[in-house]
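Single-structure report; data block below.
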Amino acid sequence: MNGPRVTNLIAAFVSGTDQRYQTFLTVVRLVRKWAKSRGLYSNKMGYWGGVNINIAVALVLQLYPNACPASLLRKFFLVFKSWRWPNPVMLTKPHDAELGLPVWNAHQAATMRQVAPMITPAYPAMNSTLSVSRQTLQILQEEFGRGHSIVDKLYKDYQRGDVLDEEEIENGEIWKELFQPSDFFIGYPNYLSLCIVGPSQQDAQSWAGFVESRLRKLVSDMLGRSLPLSKIQLWPKKFDACVADRTSLLTHAQRANSITYFIGFRVDQMRMRGDQLDVERQLANFRNYELSRFRPLVPGMDILPRTFTVKELPTICFEGIYDGGKVAAMKRRRMLIEADPKRQEAKNKKKLAKLKKKMEAMQRKKEEAAAASAKSNEDETAVADADMEEETAPVAEDEVEVVPDKRKRKRDDNGDAALEDEETSSPVKGVEEEEKEAALLESALDKIEGEGVERKTREEAEIDRQKLLAGELLHDDEEEADQGNAEGEKQQDRKLPREEREAEILRRSGLVIVSDDEATVLGGNVILPWRNRQALTGVKKEEGKANDDKASIRSSGRVRAAIKFKTKFDVVELDASGRVIDKGKLGVVFVFLYLKLFLIHVLFWLYPGDDDFTPSLKWIGRKGGFEFKLGERGLGYYRTGQKVVVPSNVAYS
């Protein structure tokens, strides 16, 4: 009786004007058609039913009372696409008529676990979407988003003008994409079929109705929560066929009286452990805890599960949905996979990776070519520099007539042999050319230095070059002060060989030059402070013979050291068995211990105890069955469990 009352109350809410009521009916029919084509119209399977659609459209009409049907449909998808669940959908505030019926309350513990509550307006207010779970709500939100994108695109195209075809608008072809059948049978990689069989038609109908009412628990509560699945969907439409395996040994009557439901699921690879997904435990629990409640349970009533991949699905799944059947469905699946943005992004990443590898290879080749060319240029410049150094190198006057010039330069292909023959045959001519070049270099140096500077010969220039190589810095003041000595040193340096001249320059600069023959160990004859006994102990040297002994010891290289401890230790001796040999010191200790034990025994003799108490002035160790404490009889060992009276004038601190 509550269903008609809810329907009449919803009609009263939306019947302000005839136009508004007609708008409401039009949008309800459109939403119902959309839900059926997309597999969302079944309250028993966890989706929305007729009452839920009526309440949802009535709420949107309350928010936009003057909207036309097309605009109201667009607002419907917009509102429920962005609805913040689990906030309840209510047309009126629930009221309690105090007739003893339970009324929906948002502050109750049971209602807080509801996923998407939609409250009926009539008394008693209740949740009409109690079967909606998190898995079905995920599918509903995805479909709301898809519907809004399609309708919003049509609205924007209509606002621009001259985009939509007038014939399609009149025929309703523009809404074809919105009401397109769902891609359920090509949208999942794996499927689970549940074949519900019964021994007769009447038994099969009652058995199938009971199983259908429990399928949402199998999908949402058992499979969806306990398995690593990213998405699971139950197709609410049944197929009047049996797709069970032939090994199930069904009778002809069971196969004739059977229906099949399909469940699509996608495995979450991040949570998956292993290679196989086991659903036997969930199906066994479903049989034992849910299906065992059916009465009467006739032999022959059963459910037969079977798994399929998307390519193994039977052809009955695609009939009436795709014009070309399974072949057209597989083509559309391939097209959807190619149009998937994630797949396109992965393809683009692979292409970019390949292009980067090619670019790196090309860049590497360019760098290798550039390095090879640079190396060849460096070799050429090195050869040219070597030739220039040989040309500009100074030659001694006494070696001009003896040493011929045997250098070979790079020349053109036309005159290489002739020039080489000419150069080797006339050494005197090469020497003259060197002298001319040296004279030109000297004149250029004179011009650079200026007129006030004294001209230097080639020998003087060579000495200055050697000084610069040695790191000696010449200052003008020092040259003026030691000008007379420098002339004598220069004449002396000319007579010395090159190695001795360089050593002499380093000595003048303040450095110590040590040859291999004169090398000695620095500090070898120095006695370190920590080796000096006199420095360690601070004891003054004794006179006479002691000084001579220490001097002889030090000269011989042997140093005696003594270690003194501030703490005095008793030295004991051990026998062969490892026991301490008593030499009189330990005897005193043993005597003291014996006296202590004797005094304790005397106290026990003077103050004898009984079975419950043994006097003792101090704790002498554990005693079985006794406790050491202060009581009425004094300090001593009292038997455990006996009541001990503590004197009133005694207090424990």
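The values are calculated or read from the model by the stated rules, or taken from the named source; none is laboratory data. If you're wondering where the values come from, they're calculated on a predicted model, not measured in any experiment. Cβ coordinates were reconstructed from backbone atoms using ideal geometry, including for glycine residues, and neighbour counts include every protein chain displayed.
Does Tyr158 fit the bill of being in the same structural domain as Gly100 (by TED's automatic domain parsing) and out of contact with any helix residue (DSSP H, G or I) (no Cβ under 8 Å at 6 or more places or on another chain)? Reasoning before the result, please.
Numbers: in the same structural domain as Gly100 (by TED's automatic domain parsing): yes; out of contact with any helix residue (DSSP H, G or I) (no Cβ under 8 Å at 6 or more places or on another chain): yes.
Judged against the criteria, Tyr158 is a match.
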May I ask you to list pairs of residues, at least six apart or on different chains, whose Cβ atoms are under 6 Å apart, with the first in the stretch 1-18 being closer than 14 Å to Asn52 by Cα and the second being of a type in the set (Gly, Ala, Ser)? Val6/Ala122; Leu9/Ala122; Ile10/Ala58
Given (1) part of a helix (DSSP H, G or I); (2) within 30 Å of Trp104 (Cα to Cα), number of the condition Val151 does not satisfy: (2)
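Within the stretch 23-53, restricting attention to residues that are free of Cβ contacts under 8 Å to residues at least 24 places away in the same chain and more than 17 Å from Ala11 (Cβ to Cβ), which residue is surrounded by the fewest Cβ atoms within 10 Å (Cβ to Cβ)? Write out each step before concluding.
At the first step, the residues of the stretch 23-53 found to be free of Cβ contacts under 8 Å to residues at least 24 places away in the same chain are 25, 29, 32, 35-36, 50.
Going one step further and asking which of them are more than 17 Å from Ala11 (Cβ to Cβ), we end up with 35-36.
Values: Ala35: 22, Lys36: 16.
Per the criteria, the residue is Lys36.
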What number of residues in the stretch 251-279 are surrounded by fewer than 19 Cβ atoms within 10 Å (Cβ to Cβ) and over 19 Å from Lys231 (Cα atoms)? 5
Conditions (1) at pLDDT 90 or above; (2) over 29 Å from Arg214 (Cβ atoms); (3) of a type in the set (D, E, K, R); (4) loosely packed, with under 13 Cβ neighbours inside 10 Å -> Lys342 fails only (1)
What are the residues in the stretch 70-119 that are of a type in the set (Gly, Ala, Ser) and either farther than 21 Å from Ala12 by Cβ or outside any loop (DSSP other than H, G, I, E, B) (or both), if any? Ala70, Ser71, Ser82, Gly100, Ala106, Ala109, Ala110, Ala116
Candidate set from the stretch 125-135 (those that are more than 18 Å from Phe13 (Cβ to Cβ) and in contact (Cβ under 8 Å) with a residue 40 or more places away in the chain); member that is farthest from the chain's Cα centre (by Cα): Thr129
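Hey, among Val219, Val279, Val243, which residue is more than 21 Å from Ser133 (Cβ to Cβ) and in contact (Cβ under 8 Å) with a residue 60 or more places away in the chain?
Numbers: Val219 fails: more than 21 Å from Ser133 (Cβ to Cβ); Val279 fails: more than 21 Å from Ser133 (Cβ to Cβ).
Being more than 21 Å from Ser133 (Cβ to Cβ) and in contact (Cβ under 8 Å) with a residue 60 or more places away in the chain holds for just one of Val219, Val279, Val243, which is Val243.
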Is it fair to say Arg333 is surrounded by 12 or more Cβ atoms within 10 Å (Cβ to Cβ), modelled with pLDDT under 90 and not hydroxyl-bearing (Ser, Thr, Tyr)? no
Across (1) among the aliphatic types (A, V, I, L, M); (2) in a loop (DSSP other than H, G, I, E, B); (3) within 24 Å of Leu227 (Cβ to Cβ); (4) free of Cβ contacts under 8 Å to residues at least 12 places away in the same chain, Ala284 clears everything bar (2)
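Please verify whether Ser182 is out of contact with any helix residue (DSSP H, G or I) (no Cβ under 6 Å at 6 or more places or on another chain) and among the polar types (S, T, N, Q), treating the condition exactly as stated.
On the way: out of contact with any helix residue (DSSP H, G or I) (no Cβ under 6 Å at 6 or more places or on another chain): yes; among the polar types (S, T, N, Q): yes.
Here the answer is yes, as Ser182 does meet what is asked.
Can you find, within the stretch 287-324, the residue that is surrounded by the fewest Cβ atoms within 10 Å (Cβ to Cβ) among those that are of a type in the set (Phe, Trp, Tyr) and under 22 Å from Leu250 (Cβ atoms)?
First, pick out the residues of the stretch 287-324 that are of a type in the set (Phe, Trp, Tyr): 289, 294, 308, 318, 322.
Now drop any that are not under 22 Å from Leu250 (Cβ atoms), which leaves 294, 308.
Details: Phe294: 15, Phe308: 18.
Among those that are of a type in the set (Phe, Trp, Tyr) and under 22 Å from Leu250 (Cβ atoms), it is Phe294.
Would you confirm whether any residue within the stretch 224-244 is outside the structural domain of Tyr41 (by TED's automatic domain parsing), touching a Gly at 6+ places or on another chain (Cβ under 9 Å), buried (at least 18 other Cβ atoms within 10 Å of the Cβ) and in a helix (DSSP H, G or I)?
Our first condition is that a residue be outside the structural domain of Tyr41 (by TED's automatic domain parsing); within the stretch 224-244, this holds for 224-244.
From what is left, the residues that are touching a Gly at 6+ places or on another chain (Cβ under 9 Å) are 231-237.
From what is left, the residues that are buried (at least 18 other Cβ atoms within 10 Å of the Cβ) are 232-236.
In the following step, the residues that additionally are in a helix (DSSP H, G or I) were identified as none.
Among the residues of the stretch 224-244, not one is outside the structural domain of Tyr41 (by TED's automatic domain parsing), touching a Gly at 6+ places or on another chain (Cβ under 9 Å), buried (at least 18 other Cβ atoms within 10 Å of the Cβ) and in a helix (DSSP H, G or I), which makes the answer no.
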Count of the stretch 59-88 residues which are surrounded by 20 or more Cβ atoms within 10 Å (Cβ to Cβ) and either of a type in the set (Phe, Trp, Tyr) or farther than 24 Å from Lys153 by Cα (or both): 3
